[in-house]
Amino acid sequence: MAEVITKEKSGGKQNKKPIKIDMTPMVDLNFLLLMFFMFTSSFTKPNVMDLGLPAKDPNPIPINDKVIDQLNQITFIIGENNRIFYHQSNEKDLTEAGLKETDYNGLNVSKIISNAYEKAPKKENFTIIVKPTDDANYKNFVDMMDNISISKKERYGISEIKPWENKVYENVIK
């Protein structure tokens, strides 16, 4: 392990004894400890949210029939600082006054969804659209998905915010 090498010198000087330390056992011990802690520790599993995606339809509907009327949908925009906005407008009709704000309280969001559902001309086509902005956080998205689950509506979609919606959204949050 350690070895002392002595050299005898003639003269009146004191003999220095260089020491050589063998580090091999220390390295072996470090690797053994590292392997022990790696095998005995438990790694955290990532938390994932299961989205109930629909099965692929063998008879797809033609693209012209898939267009959802603005009264058969409600769009929620998840913004920064725990803010959420909603509207039922198209590109031409959306204004700053038409983009309304609410909070993540389950009763408020469920009531908004229920009111929009009651006013929908084709209730079987009623769809909830969720559009998170770049400033939204994951917790708010999960809260919104929970609120949709509470409202018991099965048709919903997640989409990117459109440029015309983003323009109105930016004007509202100023």
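Nearest 5 is fine: what % of DSSP beta bridges in segment 65-132 come out antiparallel, could you say?
Details: 7 of 13 bridges.
Bridges in segment 65-132 that DSSP calls antiparallel: roughly 55 percent.
May I ask you to compute the full-extension gain from K56 to N166, defined as 0.36 nm times their residue separation minus their alpha-carbon distance, rounded to one decimal in nm? Mind showing how you got there, number by number?
On the way: separation 110, 0.36 × 110 = 39.60 nm, distance 3.11 nm.
My answer for the length gained is 36.5 nm.
With a Förster radius of 25 Å, plug the Cβ-Cβ distance of S114 and Y138 into 1/(1 + (r/R0)^6) and report the FRET value to the nearest 0.05.
Details: r = 26 Å, r/R0 = 1.05.
Taking R0 as 25 Å, the efficiency between S114 and Y138 is 0.45.
Just tell me which lysines come within less than 28 Å, Cα to Cα, of K20; anything on the same chain fewer than 8 places away is out.
Reachable lysines: K7, K9.
Normalised by the residues of segment 68-168, what does the relative contact order come to in percent, with Cα pairs under 8 Å and at least six apart? All intermediate terms of the calculation are to be shown ahead of the outcome.
Values: 155 pairs, mean separation 35.7, N = 101.
Contact order relative to length: 35 percent.
Apply 1/(1 + (r/R0)^6) to the Cβ-Cβ distance of T95 and K152, taking R0 = 41 Å, and write down the FRET efficiency to the nearest 0.05.
Numbers: r = 31 Å, r/R0 = 0.76.
The pair T95/K152 has a calculated efficiency of 0.85.
Checking the cross-link filter: which lysines have an alpha carbon closer than 24 Å to that of K56, excluding same-chain neighbours under 8 positions apart?
K66, K122, K123, K131, K152, K153
Between S41 and D22, 0.36 nm times their residue separation minus their Cα-Cα distance comes to what?
That works out to 3.8 nm of additional length.
How big is the charge dipole of segment 104-158 about its Cα centre, in debye rounded to the nearest 20, if each Lys and Arg gets +1 on its Cβ and each Asp and Glu gets -1 on its Cβ?
On the way: 9 positive and 7 negative charges, 59 e Å.
So the dipole magnitude of segment 104-158 works out to roughly 280 debye.
Run through every distinct alpha carbon pair of segment 68-168 and return the Kirkwood hydrodynamic radius in angstroms, one decimal place.
Details: mean 1/r = 0.0740 Å⁻¹.
It works out to 13.5 Å.
About the Cα centre, and with charges only on the beta carbon of Lys, Arg (+1) and Asp, Glu (-1), how big is the dipole of segment 68-168? Nearest 20 debye, please. Mind dumping the intermediate values first?
Working: 14 positive and 16 negative charges, 72 e Å.
In total the dipole reaches around 340 debye.
Convert each backbone phi in segment 131-143 into a coupling constant with the Karplus relation 6.51 cos²θ - 1.76 cosθ + 1.60 (shift: θ = phi - 60°), then list the ³J(HN,Hα) values in order as whole Hz, x for Gly and Pro.
10, x, 7, 5, 8, 6, 10, 5, 4, 5, 5, 5, 4
Coordinate-derived values only; no laboratory data. Because the structure is predicted, anything quoted here is derived from the model rather than measured. Backbone-built Cβ (ideal geometry, glycine too); neighbour counts: all protein chains shown.
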